[in-house]
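Worksheet: one structure, shown below.
The values are calculated or read from the model by the stated rules, or taken from the named source; none is laboratory data. These figures come from a predicted structure and were not determined experimentally. When we count neighbours, we look across all protein chains shown, and the Cβ atoms used for this are built from the backbone with ideal geometry, even at glycine. SASA here: full protein model, heavy atoms, side chains in, ligands and nucleic acids out. Shrake-Rupley method; radii C 1.70, N 1.55, O 1.52, S 1.80 Å.
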Amino acid sequence: MRINNIDLDAVKALSERARREGSIPMERHIQGEFRFDGSPMFVAEMRTETTKVIVTADEPKVLGGQGVHGTPLSYTLFGVMACFASTLAIEAASSGVELKELRISGHIYYDLAPVVGESDNPIIKKVVLEVKADKELGEVLRRAERKCPALYAVRNPIPVEVKQV
């Protein structure tokens, strides 16, 4: 059964597996290449279960980029927005709330001084997500906020390794 474009049978099966196993480890891997001439400046291939998608990015002109393709920071905001919208749709569907409209506006506030110079200012100041829906979401919205993997990643320090190979 699909509600809010979510396959509830798949979600229920995964939920049952989580109850049984306690953990469902997953991994995602992407390889990309920085280009030293023209635009796009960075290209990566992302694979899904059924296809592959070529994703491109430029830095904005103010950071010396081409400014033609989306910026890495815009993709970060897009990823958070898309993940939150999907998590919200899953939570609504799982609660029997059928939506006819779900729109997310995302806003990211940041400071470029630490990127181009010496500054102790935080680079990212704040992320704001505004939700417009045709139903009052209340507790569904709060559950989605707790469960969204992308929101978790931006809110919580996670181990990051940067190494030359």
| message | Please check: in the Gaussian network model of the chain (C-alpha springs, under 10 Å), which one of 150, 18, 92 has the largest mean-square fluctuation. | response | 18
| remark: With T = 20 °C, eta = 1.002 mPa s and Kirkwood Rh from C-alpha pairs, the Stokes-Einstein D of the range 68-157 in µm²/s is about 148 µm²/s
| query | Among (1) 32, 20, 17; (2) 43, 17, 12; (3) 23, 17, 15, which is the computed semi-axes √(5λ) of the Cα gyration tensor in Å? | reply | (1)
| Taking a 1.4 Å probe, which of 84, 78 shows the most accessible area, and what order do the others take after it? | 78, 84
| field | Candidates 136, 118, 27: whichever shows maximal mean-square fluctuation once the chain is modelled as a Gaussian network with Cα springs under 10 Å | value | 27
| request: Go ahead and set up a Gaussian network model of the chain, Cα springs under 10 Å, then flag whichever of 120, 111, 58 fluctuates most. | output: 120
| To the nearest 10 square angstrom, how much accessible area does residue 81 have with a 1.4 angstrom probe? | 40 Å²
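Rank these by accessible area, largest first, 1.4 Å probe: 129, 77. Kindly include the intermediate steps, with their values, before the conclusion.
On the way: 129 45, 77 25 Å².
Accessible-area ranking of 129, 77, largest first: 129, 77.
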| note | Rounded to the nearest 10, the angle in degrees between the Cα long axis of helix 72-94 and the longest principal axis of the Cα atoms of the chain comes to 0 degrees
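Check each of the trypsin sites (Lys or Arg not before Pro) in the range 1-48 and keep only those in coil by DSSP with at most 16 other C-beta atoms within 10 angstrom; list them in order. Mind showing how you got there, number by number?
Working: sites: 2, 12, 17, 19, 20, 28, 35, 47; in loops: 28, 35.
Passing both the DSSP loop test and the Cβ count: 28, 35.
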| note | Partner lysines whose C-alpha sits under 21 Å from that of residue 135, ignoring same-chain residues fewer than 8 away, are 100, 147
